[in-house]
Amino acid sequence: MRRYVFFALLLVSVTAHAMASLRVGDKVLSIGDSAARVQELLGPPAVRNYLHKQDGSLANDQVSRAEQWQYVQDGKTVIITIVDGKATDFETQPN
């Protein structure tokens, strides 16, 4: 029984670790990288969702307090959550 619990915990830790970084070509994007670094590696997002209500005072090149940026990469949709100008989460979804 302990062996199964150990393997389950190991699997969860490996899965969590895999989402702490995102490979972009020969570069790596990591949690905590700046929004500028995200755009340097991936360019402008295809879709930009604001997670907080906007008052219309931000220009297109500025970052709100929390956003989700969507990119298409290698046949998948990559969703990067940006909070206070930093990448806080990576999620991939099949197209």
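Considering the stretch 24-94, the qualifying strands (runs of 3 or more DSSP E), each wholly inside and each with 1 or more residues that are in contact with a Phe, Trp or Tyr (Cβ under 8 Å, 6 or more places away or on another chain) and modelled with pLDDT of 90 or more, run over 27-30, 47-50, 66-73, 76-83. Contact annotation: residue pairs with Cβ atoms under 8 Å, 6 or more positions apart or on different chains, pairing a residue in the stretch 74-88 that is farther than 19 Å from residue 33 by Cβ with a partner that is outside any strand (DSSP E or B) and of a type in the set (S, T, N, Q), are 75/95; 76/95; 77/95. Contact map, the stretch 22-36: first residue closer than 19 Å to residue 93 by Cα, second residue polar (S, T, N, Q), Cβ cut-off under 8 Å, separation 6 or more or different chains; pairs are 22/30; 24/73; 28/21; 29/21; 30/21; 31/21; 31/88.
The values are calculated or read from the model by the stated rules, or taken from the named source; none is laboratory data. Fair warning: this is a prediction, and the values are worked out from it, not measured in the lab. Note that each Cβ is placed from the backbone with ideal geometry, even for glycine, and that neighbours are counted across all protein chains shown.
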